[in-house]
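The values are calculated or read from the model by the stated rules, or taken from the named source; none is laboratory data. All values derive from a computational prediction rather than experimental measurement. Because the Cβ atoms are built from the backbone with ideal geometry, glycine has one as well, and the counts that use them run over all protein chains shown.
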Amino acid sequence: MGYAALVDRYQLRLPLPPRLAAVARRHHPKSSEEWLLLTPRHEPADTLGGHLEFALKWEGVDLSVLTHLFRTVSPDEVGGVVREKPTGIYTRRLWFLYEWLTGVRDRRRTTLLAPQGRRQSAGYEAVLSSGPAHGNAGSLSEEAAG
C-alpha cells in the first residue's frame, strides 16, 4: 500500500522509505518503528490515486519516491487523479508537489490538472505543517560550518 505499492507497480529503482503503512487484517493492529498498521477500513483503492492519497495521509511526503514516480507516470495520469477529487486536501497537496517537482506550472495554477471546460476554484494545499521544522541532530559539515 502507499509508497511500497507505487514503487512496486511502477518499478521505481530506489530504496523504500524507512517507515511504511499497511492495513492489518484485524481491527486492533500493533504498529512498530518500521510499520504503521491501520485497521481494514483504511484500505486504499488499488489505483494510482488511492495509493498516493494513502501515502500522503499516512506515510507523509517522500520527495524521492514522488520525484521518481512523476518521471514515470504521464501528466494525464496525474491530471486524472486530481480531476477525481479536485478540492480534496491530499489531491491539492499532490497537485502542488507534482508542479513543484516537475517544473510544470501554469500562471493560473490549473495547468494540465483542471477539468476541461471548468474553472478550478481550489488552490494549493500546504504540504508541511506551519509548526517548526525538524531535522536530524547531526553536526554541520566543515564547509557548511564555514
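List, please: which pairs have Cβ atoms under 7 Å, are six or more places apart or on different chains, and start with a residue in the stretch 89-105 that is among the aromatic types (F, W, Y) and end with one that is exposed (fewer than 15 other Cβ atoms within 10 Å of the Cβ)?
W95/Y124; F96/Y124
Any idea which of (1) surrounded by fewer than 17 Cβ atoms within 10 Å (Cβ to Cβ); (2) over 18 Å from K85 (Cβ atoms); (3) in contact (Cβ under 8 Å) with a residue 40 or more places away in the chain is the one H27 doesn't satisfy?
(3)
I need a count of the residues in the stretch 1-20 that are among the aliphatic types (A, V, I, L, M) and in a loop (DSSP other than H, G, I, E, B).
Total meeting the criteria: 4.
Here is a check on your reading of the model: is G80 part of a helix (DSSP H, G or I), surrounded by 18 or more Cβ atoms within 10 Å (Cβ to Cβ) and in contact (Cβ under 8 Å) with a residue 24 or more places away in the chain?
In short, no.
Just checking, how many residues over the stretch 36-77 are in contact with a Gly (Cβ under 8 Å, 6 or more places away or on another chain), charged (D, E, K, R) and not in a helix (DSSP H, G or I)?
Number satisfying all stated conditions: 1.
For the stretch 83-99, which residues satisfy the criterion of being modelled with pLDDT of 90 or more, polar (S, T, N, Q) and surrounded by fewer than 17 Cβ atoms within 10 Å (Cβ to Cβ)?
none
Would you call A21 touching a strand residue (DSSP E or B) at 6+ places or on another chain (Cβ under 6 Å), closer than 28 Å to W100 by Cα and surrounded by 17 or more Cβ atoms within 10 Å (Cβ to Cβ)?
Against the criterion (touching a strand residue (DSSP E or B) at 6+ places or on another chain (Cβ under 6 Å), closer than 28 Å to W100 by Cα and surrounded by 17 or more Cβ atoms within 10 Å (Cβ to Cβ)), A21 qualifies.
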